[in-house]
RNA sequence: GGAGAGGUGCUGGAGUGGCCGAACAGGGCUGACUGCUAAUCAGUUUCACCCCAAAAGGGUGACCGGGGUUCGAAUCCCCGCCUCUCCGCCA
């Protein structure tokens, strides 16, 4: 219940947040429950003080050889009353905790107010769309013809929204992940290889639970889930710890598979790699001092953009408005890469400062030189979504003959400068 | 998966029903003292919640987590989680 004081103190700001994000939250119910809880605690604690006094009195009476049975009987009554009161208090505690866990983070004052993506603001663009003297094809056509991607057999193995990468396709995925991780390492991020399965507490700490249970894969009969993003693992790395202030900022990166049930996305992006149940992502993550977190957000975005620049991919940076931001975020920049076949931009990275939202839920503090320990700020950003980068390369570097040119930065990882085109539209056996 | 041992404060480690928020040692902090460092001496050292306008003060709870027994639980009982040792199995 250590969030309670913080919550009460900022209630007005939370109400403003709900309006800005366009979500309905019953704050009146919160106030009523909070009020009753306090009254019950006061009453219960009075009884407990009485019980404690009697607990000193009883052995004294016994030692003096006096009869304590009257007091014993009275205390039995009191104990039962205490038990009933405590049960009601835990019930109220649970309701307050549930309530607080479903309230999203407060947006930073610099975030544009709006209820949907229409209110997002483009911050900058880099590069230009590639020019084709033929009609550019979508990546699934090119890739299946080239024999580097196979959806048909993925259906056999698992089901819809899964993919099999093959030959240079598989190697391109691996090359991208390695290129990303090596670049991050050079920028001072420590590489982490975490578990891909996480427990409920880890997911609650980042804000995925309890609200978004339906968007994840749950392992039946356990408290475990397939991770939807390594942001969860990286946050929980320091869960319930107080880190040394001198260590901040702590920068980490991780390559993992990510799993999303994509509930509610039926019929959306059903062709191609864009929206899969399983995809790979390299994540960048920072634990920072509260005074530095917005500077660190800018450099985090710059680190992600630099990857696209080295790959020569046209992209833009968009600042999300209040209504389009994620549950845990105070401020988010999306990076969107150009997609020739669709003639539009596609999200390839999302970089957020959650301020102390996740740190509070996860109990991550730092101890300053003087004074009390404080919550750190946590930042996360894709650097980058590997599958989406893969498809962006296939589409942006395609040739009329179906072959794909490989950007310079990737050639040593892939061991070739081009993926040969295929003639048919089905993957060979 | 089977058998056993165990989980106490910043750390090590006592504590088997009331005198334990917790001995003792170490560490940290404050002060004193000694050219400096070191040593020595004295003091101090958790967090959450409730009452109180606030401060001062008072109170409640917390010895892995959750239940139970009892007037009273770190201590007894049950369930769970985790760690260690041995055996089995396995990439």
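The values are calculated or read from the model by the stated rules, or taken from the named source; none is laboratory data. Model, not experiment: these values are computed from the prediction. All Cβ positions, glycine included, derive from the backbone under ideal geometry; neighbour counts span all protein chains shown.
On the stretch given as the stretch A:193-236, residues that are touching a strand residue (DSSP E or B) at 6+ places or on another chain (Cβ under 9 Å), more than 19 Å from residue A:381 (Cα to Cα) and assigned to a helix (DSSP H, G or I) total 2.
Taken as a whole, the condition of being within 11 Å of RNA strand B (Cβ to nearest atom) and under 26 Å from residue A:9 (Cα atoms) does not apply to residue A:80. Every listed requirement among (1) assigned to a strand (DSSP E or B); (2) at pLDDT below 95; (3) crowded, with 16+ Cβ neighbours inside 10 Å; (4) more than 14 Å from the chain's Cα centre (by Cα) is met by residue A:239 save one, (1).
If you filter the stretch A:1-15 down to residues that are loosely packed, with under 14 Cβ neighbours inside 10 Å and in contact (Cβ under 8 Å) with a residue 40 or more places away in the chain, you find that the one that is farthest from residue A:104 (Cα to Cα) is A:1.
Do we find that residue A:10 is more than 10 Å from RNA strand B (Cβ to nearest atom), more than 14 Å from residue A:102 (Cα to Cα) and at pLDDT below 90 in this structure? So residue A:10 passes the test.
For the stretch A:255-373, give me every one of the strands (runs of 3 or more DSSP E) that falls completely inside it and has 1 or more residues that are closer than 27 Å to residue A:182 by Cα.
Ranges flagged: A:278-288, A:315-319, A:331-339, A:344-353.
For the stretch A:337-355, the tally of residues that are under 16 Å from the mean Cα position of the chain (by Cα) and surrounded by 21 or more Cβ atoms within 10 Å (Cβ to Cβ) stands at 8.
When A:37, A:21 are checked against the criterion of being surrounded by 15 or more Cβ atoms within 10 Å (Cβ to Cβ), near RNA strand B (Cβ under 8 Å from one of its atoms) and either within 34 Å of the chain's Cα centre (by Cα) or closer than 15 Å to residue A:104 by Cα (or both), a single residue qualifies: A:37. What number goes with the only condition from (1) more than 30 Å from residue A:322 (Cα to Cα); (2) within 9 Å of RNA strand B (Cβ to nearest atom) that residue A:70 does not pass? The one condition residue A:70 does not meet is (2).
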